[in-house]
Amino acid sequence: MIEPDTIKLLRECDAGIKTGVSSIDGVLDYVRGGELRRYLSDCKDEHNKLKREIQGLLNEYHDGGKDPDAMAKGMSWMKTNAKLIMNESDETIADLMTDGCNMGVKSLNKYLNQYKAAEEKAKDITKRLINLEEKLAVDIRVFL
């Protein structure tokens, strides 16, 4: 069933983007280096572009999207703050963001496989989001 799979895949992308943007916002104030700040800000901008595209498609299906899981969001916030309290550095931020990117890539690939009947435009957005996450993880390796 194309429509339900399309909506479910777009919802997961929506929640993933919200998580990614929230994670970037949560660390930006701690970033010391301009280059890391630029990578994170550029990635956030690209996430927001995809979010607008996803919202447009979800609106066509009369769907409001999906918020990230509250428990997962809370655990992520605790982990981030605990690590930054121990070591407030660009290295710590790069480590946290790399973990987040890897989790996002894993989840999005799982949903891409799970919702095989989704429309190609939803799959394309998912693949672009995966590529965005992979690119950030590669770009910030120099800070690890």
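One table, with the values for the structure above:
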| quantity | calculated |
| --- | --- |
| Restraint check, Lys51/Lys83; Lys49/Lys123; Lys49/Lys135, Cα-Cα greater than 22 Å | Lys51/Lys83 |
| Value of relative contact order over the chain, rounded to a whole percent, pairs C-alpha under 8 Å and six or more apart | 43 |
| Sum of -39500 (n - 2.57) over DSSP H runs of 4+, divided by residues of the chain (222 nm, nearest 500) | -28500 deg cm²/dmol |
| Surface per residue (accessible, 1.4 Å probe) for the range 85-144, Å² | 56 |
| Using a Förster distance of 22 Å, the FRET efficiency for Glu91-Asp29 (Cβ separation, nearest 0.05) | 0.85 |
| Cross-link reach list, aspartates and glutamates versus Lys116, counting only Cα pairs under 17 Å and skipping chain neighbours closer than eight places | Glu3, Asp5, Glu12, Asp124 |
| Pairs of Cα atoms farther than 24 Å apart, the chain, % | 31 |
| Share of carbon and sulfur in the accessible heavy-atom surface of the chain [1.4 Å probe, %] | 53 |
| 1.4 Å probe accessible area per residue over the range 5-77, in Å² | 54 |
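The values are calculated or read from the model by the stated rules, or taken from the named source; none is laboratory data. Not measured: the values here are computed from a predicted model. Using ideal geometry, Cβ is built from the backbone for each residue, glycine included, and neighbour counts are taken over all protein chains shown. Note: accessible area is taken over every heavy atom of the protein model, side chains too, but ligands, DNA and RNA are not part of it. Shrake-Rupley method; radii C 1.70, N 1.55, O 1.52, S 1.80 Å.
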